[in-house]
Amino acid sequence: MDSREFKDNVYGEFSRIGKVLSSPKRLELLDLISHSPKSVESLSQATKMSVSNTSKHLQALLDARLVTFYKEKNFVFYKLASPMVVSLLLSIKAVGAEQIDEVNTLRNEFIVRSDELETLELAELMERMEEGNHILVDVRPRNEYETGHITGAISMPIHEIEKHLSNLPKDQEVIAYCRGPYCVYATEAVEFLRAEGYNAKRLEAGIHEWNQRRSNFQ
């Protein structure tokens, strides 16, 4: 094997990752799985795809060795093959936000809504953690919270938030977060809480961004 053949072969293998991630649905599936292992059925429901189509996309991710699977009773669950896949997802999002104006336009209009809601950066949250006069709520599904969450956060899934209102004092700032900068759950939670009279803000980060920041400072 000469150097040209080596390069063709190795870059050909690398391109398998790019090819499989050229599908928006596969990127979304990978993002969902990055927060906790999920069954084919739950992923089908979350992405509004048929179970059959979801399975085909998952098989492609499996072939590219980005995910693995295991079985529990009659269900098949998928999980990330490596923590490095989270780094890949974060890099894709970061490059997209830096280079593609439409990404930020869509996010600002649908998620951030700066003219209506207040957003906190991760650095601001860390300052507030030292003060302690806030309540941090994780509005993702409970199994994602149990897989990993920001230090000090309490679990309050978006679809259960109304019944937990009695546990939220109105004299403290409430900070909501979900799956990161492109997840709508925190926006929905803040809108609801503000309508109920709470001083609520949205965190411009999720567990992956939190973990990344902590690793950078270790």
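The values are calculated or read from the model by the stated rules, or taken from the named source; none is laboratory data. Fair warning: this is a prediction, and the values are worked out from it, not measured in the lab. Positions of Cβ are backbone-derived with ideal geometry, glycine not excepted, and every protein chain shown enters the neighbour counts. The area values use the complete protein model at the heavy-atom level, side chains included, leaving out ligands, DNA and RNA. Shrake-Rupley method; radii C 1.70, N 1.55, O 1.52, S 1.80 Å.
Could you tell me which residue of segment 2-30 is least open to solvent (accessible area, probe 1.4 Å), considering only residues that are within 13 Å of HIS57 (Cα to Cα) and in contact (Cβ under 8 Å) with a residue 60 or more places away in the chain?
In the first step, residues of segment 2-30 are kept if they are within 13 Å of HIS57 (Cα to Cα); the result is 19-30.
Cutting the leftovers down to in contact (Cβ under 8 Å) with a residue 60 or more places away in the chain gives us 21, 27.
Working: LEU21: 23, LEU27: 50 Å².
Among those that are within 13 Å of HIS57 (Cα to Cα) and in contact (Cβ under 8 Å) with a residue 60 or more places away in the chain, it is LEU21.
Kindly evaluate ALA195 against the criterion of being in contact (Cβ under 8 Å) with a residue 24 or more places away in the chain and either among the hydrophobic types (A, V, I, L, M, F, W, C) or open to solvent by less than 80 Å² (accessible area, probe 1.4 Å) (or both). So ALA195 fails the test.
Among the candidates GLU160, GLU124, GLU188, single out the residue that is free of Cβ contacts under 8 Å to residues at least 60 places away in the same chain, closer than 24 Å to SER39 by Cα and either outside any loop (DSSP other than H, G, I, E, B) or not β-branched (Val, Ile, Thr) (or both).
Working: GLU124 fails: closer than 24 Å to SER39 by Cα; GLU188 fails: closer than 24 Å to SER39 by Cα.
Of the residues listed, the single one that is free of Cβ contacts under 8 Å to residues at least 60 places away in the same chain, closer than 24 Å to SER39 by Cα and either outside any loop (DSSP other than H, G, I, E, B) or not β-branched (Val, Ile, Thr) (or both) is GLU160.
Could we say that ARG140 is surrounded by 16 or more Cβ atoms within 10 Å (Cβ to Cβ), out of contact with any helix residue (DSSP H, G or I) (no Cβ under 9 Å at 6 or more places or on another chain) and not polar (S, T, N, Q) here? No.
Could you please let me know if SER82 is modelled with pLDDT of 95 or more, part of a loop (DSSP other than H, G, I, E, B) and out of contact with any helix residue (DSSP H, G or I) (no Cβ under 7 Å at 6 or more places or on another chain)?
Details: modelled with pLDDT of 95 or more: yes; part of a loop (DSSP other than H, G, I, E, B): yes; out of contact with any helix residue (DSSP H, G or I) (no Cβ under 7 Å at 6 or more places or on another chain): yes.
Spelling it out, SER82 is indeed modelled with pLDDT of 95 or more, part of a loop (DSSP other than H, G, I, E, B) and out of contact with any helix residue (DSSP H, G or I) (no Cβ under 7 Å at 6 or more places or on another chain).
For segment 31-65, filtering for residues that are more than 21 Å from GLY206 (Cα to Cα) and either modelled with pLDDT under 95 or not polar (S, T, N, Q) (or both) leaves 14.
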